[in-house]
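Peer 1: I have a structure here, written as C-alpha cells, and I will follow up with some questions on it.
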Amino acid sequence: MSKNILEVRGLTTKYVTRFHEDVYAVDHVSLSIEEGKSLGIAGESGCGKSTLALSLMGYYFAPLHYMSGDIVVDGKNISNMDPDDVRKTVLGTEIAYIPQAAMNALNPTRRIRKFVEDVILAHDPKADRKQIYEMAKARFAELGLPADVLDRHPVELSGGMKQRTVIAISTILKPKVLIADEPSSALDVTSQKMVIKMLRDLMDKGYIRAMIFITHELPLLYNVTDDIMVMYAGQIVEKGNAKDMVFNPIHPYSHGLMRSIIVPEEGTRNHKLSAIPGTPPNLKKPPQGCRFADRCKYVVPQCRYNALPMIEAGEGRAYRCGHSVQHLREEYQNDDE
Amino acid sequence: MKNTIRQVFHSPKFVVGFCIFMAILLTMLIYPFINPGNPLKMIGLGTFAKPGTYVSLYDSVTTETSIFKLPDADAKRLDKFLSSEDRVSMVNWFTAVGIDISTLDITDTNALLSLWKANYDPALKPKGMTKAQRNYYNRLNDSLNAASTSDTLTVTEVDASSGETVEKAKIGVNDYVNVGNVANVKTLPLGTDNFGRDTLKELVAACGTSIEIGMIAGAVATIIGLLLGLLAGYLGGMVDDLIMFLTNIFTVIPSFVLLILINYSINQDQRGATTVALVIGLTSWVWTARSVRSQVISLRNRDHVNLSRLSGHSLPRIILTDILPYIASYVMMAFILQVSSGILAEAQLSLLGLGPKTTEVPTLGLMMNWAMLYSAHLNGSWWAYFPVIMVIAFISFSLNLMNTGLDQVFNPTLRD
Amino acid sequence: MTTSECTLHEDIALRPKRLEDLASRPLCLSGKGVTKIFGTGAKQTVAVDHVDFEFHEGELVSIVGESGSGKTTLSKMLLGLLNVTSGEIYYQGKPRDISTRHKKREYWKGIQAIFQDPFSSFNVFNKIDTVLLDCINMCGGRHLPKEKKIEMMTEACCFVNLKFAELTNKYPFELSGGQMQRLMIARVFLLKPKILLADEPTSMIDACSRATILDMLLHLRDEIGMTILFITHDIGLSYYISDSVYIMEHGKFVEHGTADEVILAPKAAYTKRLISDVPKIYEPWDLTTV
C-alpha cells in the first residue's frame, strides 16, 4: 500500500458573519489520498466543498477561520502555519489550487509567458527567463496546448483554452496535490472533455501525485477520479471508490444524488429518476442529530437525537447513517419496484 | 416600499443631508412669521450697514434714564475715541521727539494719555515732520482736550414759533437707557446690503425662491429626460435615432452658453423666476435622458419583460410596471442632482445679471450679483456675500449627501 | 402527486406507444426556411440559417445546441418576440400572422414560455397573487368572482406542490430557485397554452430538484395535451425526456429524429462528437478523441 500523500484529520473551519455568528462550513472532515490516486468531492451547492478546498490550502482569509484539525502533505503538517510561510513553501510547490472560473483571473494586459515567469520567480528569484520559456514550451506541448499560447494575451484565447492554460500554469512547479474546484463547469462539452483529458495527463505523467476534483456533476467524477466523497451540510456523508459509489450508494443522500444522474445512454432509462425535496439546514444552528433527517425518506425518530459518526462498511467505504447497510439496501429495492 | 424607506433612513449620509436640508427649509418657512414684511423693502438709506442692533437715537433721548456709575466707563470711552492709527501716530511723535517709550503699552489708554499730556508741545518741530503732520498733531491734541472735559451734553431744539433755541434734554455722562424701553430698536443679524435691505430677511426669501427654481428646473429636466429616455430605450429604431440626434445637438452646444443666450433674448421684464426655472430645466435634461435610455436598453431584454409581452400587456403598461419601477431609484437620485445643479445654474446666471427680474423676488444669485456690483468684497462688507455663499454651499452639500446616501442604499456594492 | 414520487419513469415506458401515433397527429407548429440575420451589409451575422421543422401536437421536442448555436434566437422567433428575416412559420397548419397587436395577443394565448433564470423571470415589485391573477385575467377570467379566482390559484399551486395559502402576500424572490420555477409552471397551468417553450428550465436548478420540475412539465403535458419545446444544451436530458430531438449547430438543424434514433444511432458528425464529449457511466468514456 503506497503512502498517503495527503491526510486530513478532523478539519474544522468556520465563517464569521457580519453579526459575529459562527457558521461551521467544514465540520470535522477527515480524508486521505494515496500517491497516484485522485479523490472527487460531490454535493449540492452550499454543502461546503469549496470551503473545504480553500481550507486544505492552509491559506485563510477573514471571514474564514481555522478552528482545529490537521492537514499533512507528504509527511509535513501544514495546518495552522503562518500565512506567509504557507505562501512561500506550500502554495504552488506542495499544493496547487484552481478556483472556480479561474480563467477569469488572467490579467488581460499581459502575455501568458509572463504568468509562468511570475509563478517560477516567486519561488526562485534567480531563475533565468529564457530557461523558463523553454521549459514552459516543452511542458505546454506535452499537455496538448499549442506552442503559440505562451505569446498570446488571454483575450485571444477561448474559454476552454484559458482554463487549460491556468491549469498548466498552476502545476508548472510540480505540486504534490492539485485541488481543482469545478474546473469545467463554465465550459461547453468539448472544452470540458479537453480539460478532463489534461487533468488525466497530469496524473499519468507524474506532474502531480494526487488530485482532488470538486464538482456537482457526478458523471465527471466517475470518469476522472478513483474515489468519491459526498458532502452534505459541511460533513462527509459517504466515501468509497467511484464505481461502488455511483452504482451502489449506501447513504440516502448519495442514493438520491446518484439517482438524479442523466446521461445519454440507454442505461439511464432503467432506473427511476429521483428528487430530494427541501433545502439544506441552516449551518448557523446545525441540527443535533443527522443533518439530512428533514429531507430523508427513511427517517426514524432516533435519527434526530444522536450525533452520528462515520461507520466503516468494508472495502474502503464509510457512511454516516443510523441505519444498517442491509436495511438501506432493502428500502432502495422496495422503492425501485 | 416600507422596507426601502427604513433602509434609506438608516444610511447615515442620507440622514445628515436630509437634516441639513430640512433645517434650511424649516427656517425658510418659519422665519417670515417671525419677521414679516417685504424682503425687498429698503430700510437703510446709506449703504452696507454692519450687522448688529440699531437703537433709535431720537427715541432714546426722550426715554427714561437710569444712572449707573461704571468704573471703566471713561476708559472705554477714550478707547473708542482713540483709534489704533491715532495711537500709532502718537508713538511716532514720541519717537521723533526722542522720548523713551520702551515701557509704554500702546493699549493702555491712561498711560498713553498721561505721557502725551506731559510731553506734547505744539512748538516743537521734530526733524523730518512736515507742516501738515504737525497740524494733524495739533488737531489731535485739541480733540483730546475737548473730549475729556465735557460732562454733559445738551440737546436743543429750535422752537418753530419763536425761533429761539430751547433746551430739550440734558444727557449726563452716567445716563443709561434700557434698550427694551426705547421705542424703535432694530436688530439686523446680517446688516443691510447696498440698497439698505435687511440681508437676513432677503436671504431667507432668496433661499426659498432659489429652492423653488431648483425644484421646478429639476422636475422639468427629470421629466423630459425620463420620457425621452424611456421612449428611446424601449422602442429603439427610428424613435431612438431621432431622440439621440436631439440629445447630441444639446450635448454639443454647451448648455450654459445656451442658457445665457436664451435668457439674454428674453427681455428683463418678462424674466420671472418660473421662466428662468423652465429655461434651466429645458437645457439640462440631456444626461438624464442618456442614462435612463441605457438602463432601459439593458432592462428591455430581461425575462420578466418578455413574459409581460407574452402575457399580452400593452406598451404603456409594460413601461409603467416592468421598466419604470426598476429605474425609479435611479430617477430619484437624478432628480436630486438636477435640483442641486438647477440652483447652482440659477446662481451663476444671476451673478452674470441674466437671472430673474430684480424687482420682484431676490434669489441667491441676485444677492451675489448685487454684492459684487457694489464692491462689497472690496469694502469689507462680508455680510453681503459670505452668508449667501454658505447657504448655496450647504444646499448643494446636503442634496449631494442625500444622493450619496441613496446611492449606497440602492447599490449595495458601495456600502462601507 | 407527491414530490418524491416521480412518475417520469413510467412516462418513459409509455414512450414507444406515444411515438407510434405521433406521425398521425396534426402539426401545431412548423417552419420552412426560417432565417434570422442580424446587422446589414458586410457585418451580417446569420443567427438562424434556413431551418425546417415540424412539431406535432402533444409532442415533447428537444432542441439541443451549444451556446452560440442560435437556439435562443430561434425560440424568440417561435414566440413571436423577434421578427423573422425570411421563411415561413405555420401555426396549426396555416401561415402564422402576427402583424397587428391584436393578432399577436391571440397567438400568445396559444404559446407561452418558461425561461432559464427563475430570479429574473419575475417582476420584483409584484406579489405572487398579482402574478397568478394576471394569468387568470389573460384567459378571460377578469370578471369571475373573487372566490372562484382564489380557488383557481389554489388549484394551480397544488398542482406544483406549493401551498397558495402560505404564498399570499409574499414576493417571488423570497422563494428558492426550484420553488420559483414551479411557480412558473403554475402560471402555465392557469394559462393552458397549446405550446410551451421551455428554455433551459432546469439548468439553474440543483440536480436534486431537477426531476420534480421535469415531472411537473410532463404531467402538465398530459393534463392539457400541450406540445413542449424543450431547449437545452444537455444532450443526456433531451435523451431522457423527449420524443424527438433536433440538433442545432451554427444556426442549422444538422439532425433530427426520435430520441433513440438521434442519440443511440447518430448520423451527423456533429451529433456524434457532441455525444462522445459527454461523460458516460454505463460505457467507457473515450478521452482520446479530443
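Peer 1: Can you pull the mean other chain C-beta count within 10 Å for peptide C:207-218?
Peer 2: Average neighbour count from other chains, rounded to a whole number: 5.
Peer 1: Could you grab the relative contact order for chain C? Cα pairs under 8 Å, six or more apart, rounded to a whole percent.
Peer 2: It comes to 25 percent, rounded to a whole number.
Peer 1: Ranking C:Glu166, A:Glu266, A:Glu94 by Cβ neighbours within 10 Å, fewest first, what do you get?
Peer 2: Least crowded to most crowded, the residues run C:Glu166, A:Glu266, A:Glu94.
Peer 1: Name the residue, out of C:Gln112, C:Gln44, C:Gln181, whose mean-square fluctuation peaks in a Gaussian network model built on chain C with Cα pairs under 10 Å.
Peer 2: C:Gln44
Peer 1: Using a 10 Å cut-off on Cβ atoms, rank the peptides C:113-121, B:185-193, A:148-156 from the highest mean neighbour count down.
Peer 2: Going from most to least packed, we get C:113-121, B:185-193, A:148-156.
Peer 1: Find the eigenvalues of the gyration tensor of the Cα atoms of the protein assembly as shown, then list the square roots of 5 times those eigenvalues as equivalent ellipsoid semi-axes, largest first, in whole angstrom.
Peer 2: Taking √(5λ) for each eigenvalue gives 83, 40, 29 Å, largest first.
Peer 1: Put +1 on the Cβ of each Lys and Arg and -1 on the Cβ of each Asp and Glu in the protein assembly as shown; which of C:Met152, A:Phe19, A:Tyr305 then has its Cα farthest toward the positive end of the dipole?
Peer 2: Value computed over the given set: C:Met152.
Peer 1: Sticking with this one: Loop-only trypsin sites (Lys or Arg not before Pro) in segment A:33-142, please: DSSP not H, G, I, E or B, and at most 11 other Cβ atoms within 10 Å.
Peer 2: Passing sites in segment A:33-142 are A:Lys126.
Peer 1: Still on this structure, I have one more. Positive end of the charge dipole of chain C (Lys, Arg +1 and Asp, Glu -1 on Cβ, about the Cα centre): tell me which of C:Tyr107, C:Gly58, C:Val262 has its Cα farthest that way.
Peer 2: Positive-most Cα among the choices belongs to C:Tyr107.
Peer 1: Let me ask something else. Based on Cβ point charges of +1 for Lys and Arg and -1 for Asp and Glu, what charge dipole magnitude is obtained for chain C about its Cα centre, in debye rounded to the nearest 20?
Peer 2: Using only the charged Cβ atoms, the result is roughly 1260 debye.
Peer 1: A follow-up question, please. Given the pairs A:Lys243/C:Lys252; A:Lys162/C:Lys76; B:Lys13/B:Lys50; B:Lys117/B:Lys186; C:Lys104/C:Lys272; C:Lys36/C:Lys194, which span a C-alpha to C-alpha distance of over 29 angstrom in this model?
Peer 2: A:Lys243/C:Lys252; A:Lys162/C:Lys76; B:Lys13/B:Lys50; B:Lys117/B:Lys186; C:Lys104/C:Lys272
Peer 1: Give me the Kirkwood hydrodynamic radius of segment B:145-197, using the inverse of the mean 1/r over all pairs of distinct Cα atoms, in Å to one decimal.
Peer 2: By the Kirkwood definition, the hydrodynamic radius is 15.1 Å.
Peer 1: Same structure again: Can you tell me the convex hull volume per residue for segment A:254-337, based on C-alpha atoms, in Å³ to the nearest whole number?
Peer 2: 132 Å³
Peer 1: What whole-number value in cubic angstrom gives the convex hull volume per residue for the C-alpha atoms of chain C?
Peer 2: For chain C, the hull spanned by Cα atoms encloses 158 Å³ per residue.
Peer 1: Could I ask something else about it? Which translational diffusion coefficient, to the nearest whole µm²/s, is obtained for segment C:198-290 from the Stokes-Einstein equation, given a Kirkwood hydrodynamic radius over C-alpha pairs, 20 °C and 1.002 mPa s?
Peer 2: Answer, rounded: 147 µm²/s.
Peer 1: Students often check this: by mean Cβ neighbours within 10 Å, which of B:273-284, A:228-239 ranks highest, and how do the rest follow?
Peer 2: Taking the mean over residues of other Cβ atoms within 10 Å, the ranking is A:228-239, B:273-284.
Peer 1: Please work out the C-alpha center-to-center distance from segment C:262-290 to segment C:21-56 and express it in whole Å.
Peer 2: 26 Å
Peer 1: Tell me, what ³J(HN,Hα) does each residue in segment A:160-177 have, in order and in whole Hz, if you take phi through Karplus 6.51 cos²θ - 1.76 cosθ + 1.60 with θ = phi - 60° and put x for Gly and Pro?
Peer 2: The phi angles translate into x, 5, 4, 5, 5, 4, 4, 5, 5, 5, 5, 9, 5, 9, 6, x, 6, 10 Hz.
Peer 1: Based on a Kirkwood Rh over C-alpha pairs, give the Stokes-Einstein translational diffusion coefficient of segment B:57-183 at 10 °C and viscosity 1.306 mPa s in µm²/s.
Peer 2: Result for D is 90 µm²/s.
Peer 1: Right, another one. Rounded to whole Å and ordered largest first, report the semi-axes of the equivalent ellipsoid of segment A:1-101 derived from its Cα gyration tensor (root of 5λ).
Peer 2: Those come to 22, 16, 13 Å.
Peer 1: So, one more: Using the 2.2 N^0.38 Å rule of thumb for compact globular proteins, work out how segment C:1-77 stacks up: its C-alpha Rg over that value, please.
Peer 2: So segment C:1-77 has a normalised radius of gyration of 1.54.
Peer 1: In addition: How shielded is A:211-221 by partner chains, expressed as the average number of their Cβ atoms within 10 Å of its Cβ atoms?
Peer 2: Going residue by residue through A:211-221 and averaging, the value is 2.
Peer 1: Follow-up question, since we're still on this one. Please state the equivalent ellipsoid semi-axes for chain B: what are the square roots of 5 times the Cα gyration tensor eigenvalues, largest first, in whole Å?
Peer 2: Square roots of five times the eigenvalues give 66, 24, 22 Å.
Peer 1: What number, in nm² with one decimal, is the all-direction average of the projected area of the convex hull of the alpha-carbon atoms of chain A?
Peer 2: 18.6 nm²
Peer 1: Largest first and to the nearest Å, give the Cα extent of segment A:31-177 along each principal axis.
Peer 2: Principal extents (Cα only, largest first): 45, 38, 32 Å.
Peer 1: Also: Mind ordering A:205-218, B:8-21 by average Cβ neighbours within 10 Å, highest first?
Peer 2: A:205-218, B:8-21
Peer 1: Divide the volume of the convex hull of the Cα atoms of segment B:209-291 by its number of residues and quote the answer in cubic angstrom per residue.
Peer 2: Per residue, the Cα convex hull of segment B:209-291 comes to 85 Å³.
Peer 1: With chain C treated as a Gaussian network of Cα nodes joined by springs under 10 Å, which of C:Val160, C:Val124, C:Val188 yields the largest mean-square fluctuation?
Peer 2: In the Gaussian network model the winner is C:Val124.
Peer 1: Which order do C:Ile37, A:Ile250 fall in if you start with the one that has the fewest other Cβ atoms within 10 Å?
Peer 2: C:Ile37, A:Ile250
Peer 1: In addition: Starting from the Cα of A:Lys14, draw a straight line to each of the lysines and keep only those under 19 Å, dropping any in the same chain fewer than 8 residues away.
Peer 2: Within reach: A:Lys49, A:Lys284, A:Lys285.
Peer 1: Exposure proxy check: B:Ile395, B:Ile24 ranked by fewest other beta carbons within 10 Å?
Peer 2: Ranking B:Ile395, B:Ile24 by Cβ neighbours within 10 Å, fewest first, gives B:Ile24, B:Ile395.
Peer 1: Name the residue farthest towards the positive end of the dipole of segment A:1-134 from the options A:Ser30, A:Ile120, A:Gly10, assuming +1 on Cβ of Lys and Arg, -1 on Cβ of Asp and Glu, about the Cα centre.
Peer 2: Of the listed residues, the answer is A:Ile120.
Peer 1: Please report the Cα spread of segment B:279-344 along all three principal axes, rounded to whole Å, starting with the longest.
Peer 2: Result, largest extent first: 46, 18, 15 Å.
Peer 1: Now for a different question. Per-residue mean of other chain beta-carbon atoms within 10 angstrom of the beta-carbon, peptide B:193-199?
Peer 2: So the per-residue partner count for this stretch is 0.
Peer 1: If r is the Cβ-Cβ distance from B:Met129 to B:Leu40 and R0 is 51 Å, what FRET efficiency results, to the nearest 0.05?
Peer 2: Efficiency computed from Cβ-Cβ geometry: 0.45.
Every number in this text was worked out from the coordinates using simple rules, so none of it is lab data. Everything quoted here is computed from the prediction, not taken from an experiment. A quick note on method: Cβ atoms are made from the backbone with ideal geometry, for glycine too, and the neighbour counts reach across all protein chains shown.
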